[in-house]
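Below: one structure, written as structure tokens.
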Amino acid sequence: MIDIPYAKLLGLEIEAGEGAPVLVMPFDDGKLGRPGYLHGGAIGGLLEMAAVAALKAALNDENVRWKPINVTVDYMRGGRDRPTRARGNVTRLGSRIANVEAIAWQEVPEKPIAAARMNILIKRP
């Protein structure tokens, strides 16, 4: 389980794998948008948490505070009533700002349902 309250609300779990963590969000009626489809806010939240998980992995669990500066989400296809996975990728890690991308998919990563780009402020102790 992830120690961020919003991640717990979404029911996110970490799936074992190489590189950045893959987060899995189970489908339930609380994440329903139009009938049979995930709500865009749930998908956006999953992407944000995947980006943060990738950043934490890149920082090697260094004790830092972080704050999103901006988030851009591109919705590519509707998320259906099944588990959704997401993985982040840190594209630039500076001393104060990190640029992170994330994709969400349901069947295979090569067919994403959404993608996001984030700039994250990093505050080291």
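Could you tell me whether A57 is in a helix (DSSP H, G or I), touching a strand residue (DSSP E or B) at 6+ places or on another chain (Cβ under 9 Å) and either open to solvent by less than 50 Å² (accessible area, probe 1.4 Å) or not β-branched (V, I, T) (or both)? Yes, satisfied. In segment 51-60, the count of residues that are in contact (Cβ under 8 Å) with a residue 24 or more places away in the chain and more than 20 Å from K8 (Cβ to Cβ) is one or more.
Quick check on segment 32-40. Is at least one of its residues open to solvent by 20 Å² or more (accessible area, probe 1.4 Å), over 21 Å from N119 (Cβ atoms), at pLDDT 90 or above and in contact with a helix residue (DSSP H, G or I) (Cβ under 9 Å, 6 or more places away or on another chain)? The answer is yes; a qualifying residue exists.
Looking at (1) closer than 21 Å to E15 by Cβ; (2) polar (S, T, N, Q); (3) surrounded by 15 or more Cβ atoms within 10 Å (Cβ to Cβ), which is the one condition that is false for N99? Status for N99: all satisfied but (1).
Residues checked against (1) among the aliphatic types (A, V, I, L, M); (2) in contact with a Leu (Cβ under 9 Å, 6 or more places away or on another chain); (3) part of a loop (DSSP other than H, G, I, E, B):
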residue: P68; (1), (2), (3): no, yes, no
residue: V71; (1), (2), (3): yes, yes, no
residue: A86; (1), (2), (3): yes, yes, no
residue: V90; (1), (2), (3): yes, yes, no
residue: N99; (1), (2), (3): no, yes, no
residue: A104; (1), (2), (3): yes, yes, no
residue: V108; (1), (2), (3): yes, no, yes
residue: A114; (1), (2), (3): yes, yes, no
residue: I120; (1), (2), (3): yes, yes, no
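The values are calculated or read from the model by the stated rules, or taken from the named source; none is laboratory data. Note that the coordinates shown come from a computational prediction; the quantities given were computed from them, not determined experimentally. Backbone-built Cβ (ideal geometry, glycine too); neighbour counts: all protein chains shown. The accessibility values were calculated without ligands, DNA or RNA, using every heavy atom of the protein model including side chains. Shrake-Rupley method; radii C 1.70, N 1.55, O 1.52, S 1.80 Å.
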